[in-house]
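The values are calculated or read from the model by the stated rules, or taken from the named source; none is laboratory data. Fair warning: this is a prediction, and the values are worked out from it, not measured in the lab. Don't worry about glycine lacking a Cβ; one is built from the backbone with ideal geometry, like all the others, and counts go over all protein chains shown. Just so you know, the surface numbers come from the protein's heavy atoms only, side chains and all, with ligands and any DNA or RNA stripped out. Shrake-Rupley method; radii C 1.70, N 1.55, O 1.52, S 1.80 Å.
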Amino acid sequence: MCSSNEPSGGTFTRRSRYNLVPTVGAASAPNGAENLMTRQTRFFVLGAGGLLVVGLCTGLFAYVNREAALAVSGAGPIELRYVPANASVVGYANIREVMLSDVRERIRNLAPDGVGENELETQLGLDVELDIDHMVAFLAPSEDDRPAGLALFRGRFDTARLEGVARGRGATVETYEGKRLVSVEAGDAGSLAMVFMEPGLVAVGDLSTVQQAISRGLQAADVTSNPDMMALLELVEDDSNAWAVGQFGDLSALGFLPDDVSSQMPAVSAFAVSGRVTDGVTGSLSIEGRDEEAGQNLRDVLRGFLALATMQTNDRPELQTMLESLQLSGVGAYATLSFWIPSDALDLILSSSDES
Amino acid sequence: MLWSRRTVFMALVVGGPVVVAIIVRALVGMDLLSGRGMVDGRPITVDGPIIFGLMIWGFYLRFAVPLLGVFYGTALIADEVEDKTITYLFTRPLSRGAVLVGKYLAYLVSTGLVVLPSVMLVFFLVVPVLGGEIGSAFPSLVTDLALLALGLAVYGALFALVGAWFKRPLLTGLVFIFGWEPIVVVVPGYMKRLTVSYYLQGLVPHAMPQEGLVSTILSILQANEVFPSAAMSVLGLGAILVGGLGLATWLVERREYVLEQ
C-alpha cells in the first residue's frame, strides 16, 4: 500500500506532516507551514463561528423585542396607550400578515373586486396590503347612546393626500393639542375624525373619542392600567395575528346588544378570542363565567354543542377535520375552545357564504 | 479538507445565494422590485421572509446541501485512496473506523461553518426587505439552520459510504443527486423512499413560511409528491445517517484498499 509518490491532496498535503522528523535543517519549514495552516483555519473558524453567533444573537434579540401580536407581559402593542381604561372591547389585527395569508387569497377569489381596498387606494392613496401593518381598535361606553369607538392604524401613510381627499369631501382640518385633526360631518353617525397621532399612526373614529385619544396619549391613564382587561390579554395566544378581548358586563353598557341577547348570557362576564390566519385559521376562544358554576355550565353547553355538531356532520368529511380539531378545556370559571379550520373547510365555509 | 481546491467550489456554491440576496436588496432599494405580481391571474404579494424561504428551498436544500455532501462526503476516503495517503492514516495507532468518523466530523464542521454563515448573511440581507421583520422570521431561521445541518449530516454520511464503497464515488454521487433523486421523488410509488430528499423535503414545509405564494409554489413543485410526516422524516433521516455512517465504518474496517502504483 505504501507509495513513493508525493501526496497532492487528501487530508494532508505534505508527507512531512505525517512523519515530522525534527532534523536540524528541515524542521523549521514544515512547522512554519503547519503554523500558517493552523492560523488560517483558526481565523476561518473564529470568523464563521463569530458570524453565526452574532447573527443568532441579533436575531434572538430582534425576536425577543419584536413588536409581537401581543405583548402579554408588557404593555401590549404601543397603541394601547391611546385606549381608555374603561374600554369594553379591544381588538388587534396584524393586517399585513392576514393580507399575505392564503386565507386572504381564498377570499380574494370569491371577491375579485376586493372589499373596498381598491377604493381606499384610489381615494386615499392607501394600499391596505402594503401600507398598513397592523391595527388596534376599541369600543368603550360613552355618555350618549352610541359607544365610543376608535381604530388606530400603524403603517406608512401619505398624510398630504389623505388630508387632501378628506378636504375634497368637505372635511375641515384643525390643530388639536398639536395634532392635525381632520373631521367631517357624517349625518346620523355624527362627526367622524381622523388624526395623525404620530408618524406612521392614524386614528379614525368619532370626533370626541379621537380628541380623548389625543389627550390620553399625552397622559398616563390607558387600558394598561385596567387589571381586568390586562388579565384577559393573558388568555390570548402568543403567536396570534388577530385577537379581541372584551367584558360582557361592559358590553351591555355599550347599548348595541339587544336586551334579549344580553339576558341570554348573564353568566358570562368576559371573553378572549385569538387566532392565527395563515393557510387556515387556528385559534382559541376563552369565555369567563361569573363564577365556577357558570364556568362548568359553559363547558357543558360547549360539550353538547360539539356532540351535536359531530352528529350533524357525519356525512361531511370536509368538516370532520375541523370538528376533530375542536378541543374543549378549562377549569374554574373558564371554558376554552381551541380550533383549527383547515383550508378545505375554509373553502367550504367561504363558498357557502358566497352562495348565500 | 478546508483548504483543498474544493473550498473554491464550495465558496461559489454558498456565495451565489449571498450575491443573489445582495442583488435583491439593491433592486428593492432602487424600487425596481415591488414584491407584487400575478400568478394564475391572482395578485400576489411577497415579502422578505417569503423570498428567504424560497431561497432556502431552491438554493440550499435542493442544490447546495446535496452537492456539498457529494463532493466532501465521497472525498473522505476516496481522496485518500486516490492521493495514496490513506496508508499514513491507517498506520496510525487508532482504528480505521475512528479515522473515518473523525474525518466525517471534520466534514460537518467545515461545511457547516461555510453554509450556515452564508444562510445567516442571506437572512439579514433579504428578510428585512418588502416589509419583512427579522424578529418575526427568526424562528424560521433557526428551523432552517437545523434543517440544513441535518441535511449536511445525512448526505455526508450517505456519501461517506459511497466513497468507501465505490471506485468512482463522485460520479455515483452526482448521478444519485441529479439523476436518481429528482426522478424518483416525482414518480408515484414507494421508490421515493429510497432517497434522502423525500425525507428531507418532508420537513421543509414546517420550516417554510406558510404564506399564500409559498404554498402555491410548493403545490406546483410538489404536485405529485406525498411527503411523510415530520416524525417519519426525522426517523428516515436518522436511519440513513446512522446506517450510512455505520456501514461506511464497517466497510473501511474490513476493506483492503489497493493503491495503484
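Only one of the listed residues (B:G135, B:G112) is among the small types (G, A, S) and either open to solvent by 40 Å² or more (accessible area, probe 1.4 Å) or more than 8 Å from chain A (Cβ to nearest Cβ) (or both). That residue is B:G112. For region A:137-155, the set of residues classified as at pLDDT 80 or above and more than 17 Å from A:Q247 (Cβ to Cβ) consists of A:L150, A:A151, A:L152, A:F153, A:R154, A:G155, listed by residue number. Of the helices (runs of 4 or more DSSP H) lying entirely inside region B:190-261, those carrying at least 1 residues that are among the polar types (S, T, N, Q), modelled with pLDDT of 85 or more and in contact with a Gly (Cβ under 9 Å, 6 or more places away or on another chain) are B:230-254. One residue stands out among those in region B:138-185 that are farther than 30 Å from B:A98 by Cβ and over 19 Å from the mean Cα position of the chain (by Cα): the one that is surrounded by the fewest Cβ atoms within 10 Å (Cβ to Cβ), which is B:P139.
All of B:L32, B:L76, B:L54, B:L61 fail the test of being out of contact with any His (no Cβ under 8 Å at 6 or more places or on another chain), part of a loop (DSSP other than H, G, I, E, B) and modelled with pLDDT under 90, apart from B:L32.
State the number of residues belonging to region B:91-109 that are in a helix (DSSP H, G or I), basic (K, R) and either open to solvent by 50 Å² or more (accessible area, probe 1.4 Å) or more than 9 Å from chain A (Cβ to nearest Cβ) (or both). Even if it seems obvious, please write down each step before you answer.
Here is the first cut: in region B:91-109, the residues in a helix (DSSP H, G or I) are B:96-109.
So of that shortlist, the ones also basic (K, R) come out as B:96, B:103.
Pick out the ones that are also either open to solvent by 50 Å² or more (accessible area, probe 1.4 Å) or more than 9 Å from chain A (Cβ to nearest Cβ) (or both) and you get B:96.
Going through region B:91-109 one residue at a time, the tally reaches 1.
Considering only residues in region A:32-74 that are touching a Gly at 6+ places or on another chain (Cβ under 7 Å) and within 11 Å of chain B (Cβ to nearest Cβ), the one that is modelled with the lowest pLDDT turns out to be A:R66.
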